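Notes to accompany the following structure.
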Amino acid sequence: MPKAFARSPLSAAIVSAVLACGVVSWAGCSAQGTSAERAGPIAASDVRLSVADKAGFEAFLARQRGKVVLVDFWATWCVPCKELFPHTVDASRRYAGRGVVVVAVSMDDPDKEAEVREYLASQGATFENFIAQPAPDPFTAFEISGGSLPHFKLYGPDGAIRRTIGSESKSIREADVDQAVEEVLAETAGAGP
Amino acid sequence: MTGHRNVVVALAALAMLALVASCYAADAKLKIGDKAPEWKDLPGVDGKDHSLGDYGDAKVVVVVFTCNHCPVAVAYEDRLVEFQKDYKDKGVQVVAINVNNLPADKLDKMKERAESKGFNFPYVYDESQKSGREYGATCTPHFFALDKDRKVAYMGAMDDNNNPDKAKEKWLRDAVDSILDGKEPAKASTQQRGCGIKWD
């Protein structure tokens, strides 16, 4: 390498930058652990789960003002929902420090509450959970596009709906959910309730 | 600096347009009264090819987008067989179409299911998924009833509860009864619900 470059401010800057990146990545990795880690199961009695109609759910949302809210609509009968659920649980931990609240709403019939609770416990779902009130039609009340599960919604800190991620014409991938959360966080940065 | 700002504004406008367009794409594809899309030569579990035109004599054709793996779709299989049995002599033809791209939903598995459940209607596979796209099928099961002119006269769910013992509102039956009477169904469209279709 030419002597002039080795001693130039530019080379010092490049070396510092590379070192800094190394330090930051190392710090980041040890702070988060592997993203592939699954949350351990929790006791069924520790699962926060209640039946709610749309109004009850909106009251819950109103109590989350100031936070971005990610809602995962799922059901015990929905296989793709269960494939995405560990990612939702993981997101609740990953995004907690960034002002994001995760909540899951099961579209199962309330007579399946025990099964719903057992599943949530096995998944380590430490966040708030609801079962949608079955009447009037919950898929209409909760605006599940195309009546199709899985389905996600994102609300901003002011309570306004920011994203609807439906599965009626396209399969939902984990990256779609992450991207949406990141976008909403960026759009609402600095915004209050 | 003005050059940069113009680009930013243009990009923002384009992004907004895309967002609005995607919202419209999510709305129902067909309206009540639309001419139903035709499918041609879809392979059935009986080893033959099937087209909408095969049922020229039927007063009503009930198209169901369904599949093997979705528990909601499975929960409706017996009801669908019963419905076809009850309405065969009234000139109603049920056709079940599977557009899912999933090993569990391929033709060989469809044959097994049709046999074990005693399907009394054609169960056909659309590998292109075109019929699903053209009907705007969003989940399995998703029901459409076509009148004698093959106009869409009903779309949505079969009834109001996945559990057959709890189903009270028999929307599909009521709609088909009206269509057979030459009347418009009181409830021509209901909210379908089920597993999202496995698109390519």
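The values are calculated or read from the model by the stated rules, or taken from the named source; none is laboratory data. Remember, predicted model here, so these are calculated numbers, not experimental data. Ideal geometry is used to build each Cβ from the backbone, glycine not excepted, and the neighbour counts take in all protein chains shown. These area figures cover heavy atoms from the full protein model, side chains too; ligands, DNA and RNA do not enter into them. Shrake-Rupley method; radii C 1.70, N 1.55, O 1.52, S 1.80 Å.
Some points to look at:
- Counting heavy atoms of the protein chains alone, B:W199 has an accessible area of about 20 Å² for a 1.4 Å probe.
- Candidates per trypsin sites (Lys or Arg not before Pro) in the range B:32-138, loop by DSSP, up to 12 other Cβ within 10 Å: B:K40, B:K48
- Across all Cα pairs in the range A:108-155, the calculated P(r) in 5 Å bins from zero up to the longest distance comes to 5, 18, 23, 26, 21, 8, 0 percent per bin.
- Near B:K48, once Lys and Arg are set to +1 and Asp and Glu to -1 for all other residues with Cβ below 14 Å from its Cβ, the sum equals -2.
- Hz values of 3J(HN,Hα) by residue in the range A:173-183 - Karplus curve (6.51, -1.76, 1.60), Gly and Pro given as x: 10, 3, 4, 5, 5, 4, 4, 5, 4, 4, 5
- Under 5 Å between amide hydrogens, built in the peptide plane, is the criterion, and for B:K187 it picks out nothing among residues at least 5 positions away or on other chains.
- Estimated from helical segments only, the mean residue ellipticity of chain B at 222 nm is -10500 deg cm²/dmol, where each DSSP H run of four or more residues counts as -39500 (n - 2.57).
- Within 10 Å of each Cβ in B:186-194, the average number of Cβ atoms from other chains: 4
- Take every Cα pair under 8 Å whose residues are at least 6 apart in sequence, average their separation, divide by the length of chain B, and the relative contact order is 25 percent.
- Accessible surface for B:C195 stands near 0 Å², nearest 10, in the context of the full protein assembly shown (1.4 Å probe).
- Overall, the range B:74-148 carries a charge dipole of about 80 debye about its Cα centre when +1 sits on the Cβ of Lys and Arg and -1 on the Cβ of Asp and Glu, all other atoms neutral.
- Based on Cα contacts under 8 Å between residues 6+ apart, the range A:37-193 shows a relative contact order of 31 percent.
- Shape of the range B:19-151, Cα gyration tensor, a/c cut at 1.5: oblate
- Over 13 Å [Cα-Cα, the range A:135-193], rounded percent: 64 percent
- These residues, B:M155, B:M110, go from largest to smallest accessible area, 1.4 Å probe, as B:M155, B:M110.
- For B:E115, the shell of other residues with beta-carbons less than 13 Å away shows a net charge of 0, using +1 for Lys and Arg and -1 for Asp and Glu.
- Straight-line cross-link partners of B:K151 among the lysines, defined as a Cα under 22 Å from its Cα and at least 8 positions apart when in the same chain: B:K29, B:K31, B:K35, B:K40, B:K59, B:K88, B:K90, B:K130, B:K170, B:K183, B:K187.
- Spacing of the modelled spin labels on B:D165 and B:E184, each 7 Å from Cα toward Cβ, amounts to 3.9 nm.
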